[in-house]
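Here's the structure we're looking at; comments come further down.
Read-outs: derived from the displayed coordinates by stated rules, not from any lab. Predicted model, so just to flag it, every value in this text is computed and none were measured. Here the Cβ positions follow ideal geometry from the backbone for every residue, glycine too, while neighbour counts run over all protein chains shown.
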Amino acid sequence: MLDLDLYGRPSYPVVDALMADDMPVLFKTGFSKHAVELRYQNVPRLQKPVDQVALLAALTKAS
């Protein structure tokens, strides 16, 4: 689970590395879906503040 913004920089390079190793990825962000680059639109996204039920469901689905 990664924030879309890491200290003012997008987390896309980290996402690319994780996905290259077939690791499931999930965005946690305050940004809207439209702020996510097109090639990452298929990455599940949880809106901040994250609801515990939605987090559990997303983690269960990713595993």
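Give the relative contact order (percent, whole number) for the chain; include only Cα pairs under 8 Å separated by 6+ residues.
Working: 60 pairs, mean separation 18.9, N = 63.
The value is 30 percent.
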Least to most buried among T29, T60, by other C-beta atoms within 10 Å and fewest first, runs T60, T29
